[in-house]
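Take a look at the structure below.
The values are calculated or read from the model by the stated rules, or taken from the named source; none is laboratory data. Only a predicted model underlies this, so the values are computations on that prediction, with no experimental measurement involved. Every residue, glycine among them, receives a Cβ derived from its backbone with ideal geometry; neighbour counts consider all protein chains shown. Heavy atoms of the whole protein, side chains included, go into the accessibility calculation; ligands, DNA and RNA do not. Shrake-Rupley method; radii C 1.70, N 1.55, O 1.52, S 1.80 Å.
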Amino acid sequence: MRSLIGSHDLLLLTLDTLRHDVAADLAARGRTPHLARALPGGRWERRHSPASFTYAAHHAFFAGFLPTPVTPGRHERLYAAAFPGSETSGADTWVFDAPDLPTALADVGYHTLCLGGVGFFNRRSPLGAVLPGLFAEAHWEPEFGVTSPTCLDAQLDRLTEVLPRVPARQPLFTFLNVAALHQPNRHHLPGAQVDDLASHAAALEYVDGRIDRLFALLTGRGRPVFAIVCSDHGTAYGEDGHTGHRIGHDVVWTVPYAHFVLRPGEW
């Protein structure tokens, strides 16, 4: 990633609460063709999240601790906030002298844009203002949140509105947190009365149907975009008696991950 700073726009897309097993199954069965087109080899990489809920995971992400590959060994990070004793930075790691990624990118000329989804981005409380407060520009509306069946559509409508305000010569960092997968998600499955794996999967299919629009908007600026797409954590639907997340269960810690370059004209 180090060599891409300045020449590429950046996208960090977090599909909040998406489980790896659901994402991998849908990709394998051709039910998320738009995401699969972008994924290297058409498949999600299985990784472990640094945290079990949104607030903690995103603090880690912004400091350079993205989900870790599940295979044993030392895994070089894409970017990292400098600190003594770091052992996972390498020749290709973009190391910055700032506490977080948005601040570091702003320091080298990027416009930083946040489109929040779940409540930790809603700016309705001091806690909900912490993460969006890292960005030069941040947006959240109830229509972006977990109860909206068209949350990603609303976010993309806002992105369509604000992108032309960013000068084409200025590199852009877009962070987008998608709330659709988070409970409640039964409104994505007609007739569903409860949240379950089927409604979770239906929510991912809803997101997949909007991915082309997102990628077209971002590459429409005429610049290549280095994209990181992942979940921040999974969630339980009754496994071992658990429901929800912020627990140390495998379905919570195990998340889908991918990074790749989007090029103008391909979307």
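Return a yes/no flag: does the stretch 90-99 have any residue that is in a helix (DSSP H, G or I) and out of contact with any Phe, Trp or Tyr (no Cβ under 8 Å at 6 or more places or on another chain).
Looking for residues that are in a helix (DSSP H, G or I) and out of contact with any Phe, Trp or Tyr (no Cβ under 8 Å at 6 or more places or on another chain), one finds none in the stretch 90-99, hence no.
Limited to the stretch 9-25, what total is found for residues that are open to solvent by 20 Å² or more (accessible area, probe 1.4 Å) and either among the aliphatic types (A, V, I, L, M) or over 24 Å from Ser52 (Cβ atoms) (or both)?
Summing the residues that are open to solvent by 20 Å² or more (accessible area, probe 1.4 Å) and either among the aliphatic types (A, V, I, L, M) or over 24 Å from Ser52 (Cβ atoms) (or both) in the stretch 9-25 gives 1.
Within the stretch 64-81, track down each residue that is touching a residue at least 24 places away in the same chain (Cβ under 8 Å), over 20 Å from Leu105 (Cβ atoms) and not in a loop (DSSP other than H, G, I, E, B).
Pro69
Being open to solvent by less than 70 Å² (accessible area, probe 1.4 Å), under 16 Å from Leu13 (Cβ atoms) and in contact with a Lys or Arg (Cβ under 7 Å, 6 or more places away or on another chain), is that true of even one residue in the stretch 67-79?
yes
Within the bounds of the stretch 156-164, is there any residue that is assigned to a loop (DSSP other than H, G, I, E, B) and either hydrophobic (A, V, I, L, M, F, W, C) or modelled with pLDDT under 95 (or both)?
no
Being over 16 Å from Gly116 (Cα atoms), in contact (Cβ under 8 Å) with a residue 12 or more places away in the chain and among the charged types (D, E, K, R) is true for just one of Asp153, Asp196. Which residue is that?
Asp196
Determine which single condition Ala60 fails, assuming it passes every other condition in (1) touching a residue at least 24 places away in the same chain (Cβ under 8 Å); (2) of a type outside the set (D, E, K, R); (3) surrounded by fewer than 18 Cβ atoms within 10 Å (Cβ to Cβ).
Against the list (1) touching a residue at least 24 places away in the same chain (Cβ under 8 Å); (2) of a type outside the set (D, E, K, R); (3) surrounded by fewer than 18 Cβ atoms within 10 Å (Cβ to Cβ), Ala60 comes up short only on (1).
Looking only at the stretch 26-36, how many residues end up being under 17 Å from the mean Cα position of the chain (by Cα) and either open to solvent by 20 Å² or more (accessible area, probe 1.4 Å) or not hydrophobic (A, V, I, L, M, F, W, C) (or both)?
3
Mind checking whether some residue in the stretch 193-205 is surrounded by 19 or more Cβ atoms within 10 Å (Cβ to Cβ), outside any helix (DSSP H, G or I) and of a type outside the set (A, V, I, L, M)?
Yes: the stretch 193-205 contains one or more residues that are surrounded by 19 or more Cβ atoms within 10 Å (Cβ to Cβ), outside any helix (DSSP H, G or I) and of a type outside the set (A, V, I, L, M).
With the checklist (1) under 20 Å from Ala51 (Cα atoms); (2) at pLDDT 95 or above; (3) open to solvent by 10 Å² or more (accessible area, probe 1.4 Å) in hand, flag the one item Asn177 doesn't pass.
So the condition that Asn177 fails would be (3).
Out of the stretch 97-154, which residues are among the polar types (S, T, N, Q), under 17 Å from His59 (Cβ atoms) and open to solvent by 10 Å² or more (accessible area, probe 1.4 Å)?
Thr103, Asn122, Ser125
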